[in-house]
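Heads up: the structure comes next, in structure tokens.
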């Protein structure tokens, strides 16, 4: 789809937005729709922390504006600068993760956040680290493409950044570290790392995690994994389906909310289970959405994410730049995986974990980084369109 194929009124606004118009439409629609759902889904937050729904809506609106501004700015940046900055972003991510470990603010017994002075907002350093690692791996895959059969010169330089980032995240956020490690393995596969080496790396990563867990269990005084008991508890609750456990009660309430939604939903603001679901506006967003908007609407939501992934993959296949291909694939798969995990947790397939819905959950660093990710994609798309125009001028 090109801009000329779109409604003239919409076209007048999209002319300021370079890149793929479908991605712009889907992203902006989701962010606009999030204002409605956040206002509707925050009663539990009002009950726990006080305030009013309007206060949380206003805070989310500020994040939406920041996210859109970030997306707009990044999409105007030439992709060659994104390539050059990827290494710098990776080192910044390492610094932020180390700072978080020693000085991070704790929320729900997890020290994942950096509190921004004076304004009282928090920033989850792992959200920045995910995008930084995707871009840095893409850069390394390009630089090492002729050395991928060599362990020392090709594979080890690729694995060190992955292990460092995932190792720093896993302490307080196992699900994010595991998802990022698997995503990294998928990117190495796309980057044509030999399959035998890839399986060896995956097995080595799993073995390393098992070793760390073994040390933690054997010498608990070291406290290597402070949230280990929480992980085990959540897994056991999922397997045993113990109704008395808090996390399982959350999961069961999420499934009940989906059941209550039926085909057409209870209506905006009329959901009941959202008042008993912690983070109904984030980690249990999908359950709250289905309760109020119904199963048919949830199919449409899934379709939007799939179209978004399709358009991103389309960009990755159109470009002649390997860095753009790898980065686009990584970003697209990451966004869809994050949304899928939220849905699978809400439907009871996965144990309770903290992955929210991109562009829809209540704003924060996750929303801003998702917008920056789309800005990167649109920068690549803009570069492709410029290349086509230049070719057309040259041919004529």
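Could you name every one of the helices (runs of 4 or more DSSP H) located completely within segment 36-113 that has at least 1 residues being surrounded by fewer than 18 Cβ atoms within 10 Å (Cβ to Cβ) and modelled with pLDDT of 90 or more?
Because the criterion is at least 1 residues that are surrounded by fewer than 18 Cβ atoms within 10 Å (Cβ to Cβ) and modelled with pLDDT of 90 or more, the helices (runs of 4 or more DSSP H) in segment 36-113 that meet it are 53-75, 79-103.
Picking from 293, 289, which residue would you name as being at pLDDT below 95, under 27 Å from residue 128 (Cβ atoms), assigned to a helix (DSSP H, G or I) and more than 17 Å from the chain's Cα centre (by Cα)?
Result: 289 is the single residue among 293, 289 that is at pLDDT below 95, under 27 Å from residue 128 (Cβ atoms), assigned to a helix (DSSP H, G or I) and more than 17 Å from the chain's Cα centre (by Cα).
What's the number of the condition residue 133 fails, among (1) closer than 24 Å to residue 374 by Cβ; (2) more than 14 Å from the chain's Cα centre (by Cα)?
For residue 133, the failing item is (2).
Being more than 17 Å from residue 360 (Cβ to Cβ), surrounded by fewer than 23 Cβ atoms within 10 Å (Cβ to Cβ) and modelled with pLDDT under 85 is true for just one of 241, 260. Which residue is that?
Residue meeting the stated conditions: 241.
Condition first: in a loop (DSSP other than H, G, I, E, B) and either modelled with pLDDT of 85 or more or in contact with a helix residue (DSSP H, G or I) (Cβ under 7 Å, 6 or more places away or on another chain) (or both). Now tell me which residues in segment 3-35 satisfy that.
6, 15, 17, 18, 19, 20
With respect to residue 158, determine if the residue is crowded, with 22+ Cβ neighbours inside 10 Å, under 19 Å from residue 334 (Cβ atoms) and either within 23 Å of the chain's Cα centre (by Cα) or touching a residue at least 24 places away in the same chain (Cβ under 8 Å) (or both).
yes
Starting from residues that are surrounded by fewer than 19 Cβ atoms within 10 Å (Cβ to Cβ) and under 24 Å from residue 339 (Cα atoms), keep the ones in segment 165-205 and report whichever is modelled with the lowest pLDDT.
202
The values are calculated or read from the model by the stated rules, or taken from the named source; none is laboratory data. Note that the structure is a prediction, hence the values are computed from the model and not measured. Neighbour counts are summed over all protein chains in view; Cβ atoms, including those assigned to glycine, are modelled from backbone coordinates with ideal geometry.
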